[in-house]
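Bear in mind that the values in this text are calculations on the coordinates, not laboratory data. Just so it is clear, the structure is predicted and the values come from calculations on it, not from any experiment. Using ideal geometry, Cβ is built from the backbone for each residue, glycine included, and neighbour counts are taken over all protein chains shown.
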Amino acid sequence: MKNYYVTLLLFMSGFTYSQVGINTANPQGIFTVDASKDNSITGIPSAAQQANDFTILVNGNVGIGTSNPTNKLHIRSETTGAVRIADGTEGNGKLLVSDANGVATWQNSAPPVVINSTAGTSVALSTAHTWTGASATVTIPGYYLISPRLITDKSPSGCGSFIAYNLSTSSTSWTNPAFAIQDAHFASGNLFDFIYSTNVGYLQAGTYYMLARYSGGCTANTTRGNAGENGFTLILLR
């Protein structure tokens, strides 16, 4: 009877710490299910053989279609649409969005973040960066499409060789500029200078001021005073 208990104890101990395989004598983790029963008896199964396997490693990683999961849940599929979550919130074009606790549901894509600046005023420009009067406040840092709208009236006709702008968190100096290496340059016009374009820049949180300058050679170069001709729009890239 004593020998019986010792043998049973050894058997239970071995069972507790052994690997378990279903449809396979060659489990690749603490637990492996070979759904098609096609894994080789020894060695690592091929990618095609692993495609129908379910494996749990000793670190708790779970693999579906792979015997070596490198994340808590690792799915390898040879076809698209490897994951399907149907909880009643799904729909065409929706995004899987997490709440503060990590619970995810399908939601409609968020509307774009569009920021329109205030209208600028009539300001005499020079060869130094000068605030045009237009500004906007950014609350979400990130990459933005920057669309300036600027027309300046100048004299004499054809003076100057370029006009340039930048966005700065200071209205008087080049601080945290949108274009860190150089401001955006545009060819000078004959009767007036203008900037209508789209650029991409990284903006931190804060208020941004549109600064403009020109190459010189003019007796006057003055910005206009309305949003359509002295302002800018920011669109956050998601």
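Taking the Cα centre of the range 114-236 as origin and charging only Cβ (+1 Lys, Arg; -1 Asp, Glu), how large is the dipole, in debye to the nearest 20?
Numbers: 4 positive and 4 negative charges, 6 e Å.
Dipole size: approximately 20 debye.
Contact order, relative form, for the chain: 19 percent (alpha carbon pairs under 8 Å, 6 or more residues apart, mean separation divided by residue count).
What is the dipole size for the chain, taken about its Cα centre, with +1 at each Lys and Arg Cβ and -1 at each Asp and Glu Cβ, in debye to the nearest 20? Walk me through the numbers before you get to the answer.
On the way: 11 positive and 11 negative charges, 43 e Å.
Result for the chain is approximately 200 debye, rounded to the nearest 20.
Length, then width, then depth: along the principal axes, the Cα atoms of the chain run 112, 35, 33 Å. Whole-Hz Karplus values for the range 227-236 come out as 5, x, 10, 7, x, 7, 10, 10, 10, 6 Hz, taken residue by residue from phi with 6.51 cos²θ - 1.76 cosθ + 1.60 and θ = phi - 60°; glycine and proline positions read x.
To the nearest 500 deg cm²/dmol, what mean residue ellipticity at 222 nm is calculated for the chain from DSSP H runs of n ≥ 4 alone, each contributing -39,500 (n - 2.57), summed and divided by the residues?
On the way: 2 runs with 20 residues, N = 238.
Value at 222 nm, helices only, nearest 500: -2500 deg cm²/dmol.
Taking Lys and Arg as +1 and Asp and Glu as -1, the other residues whose beta-carbon sits under 15 Å from that of ASN23 total -2.
Computed from Cα positions, the angle between helix 2-17 and the longest principal axis of the chain comes to roughly 20 degrees.
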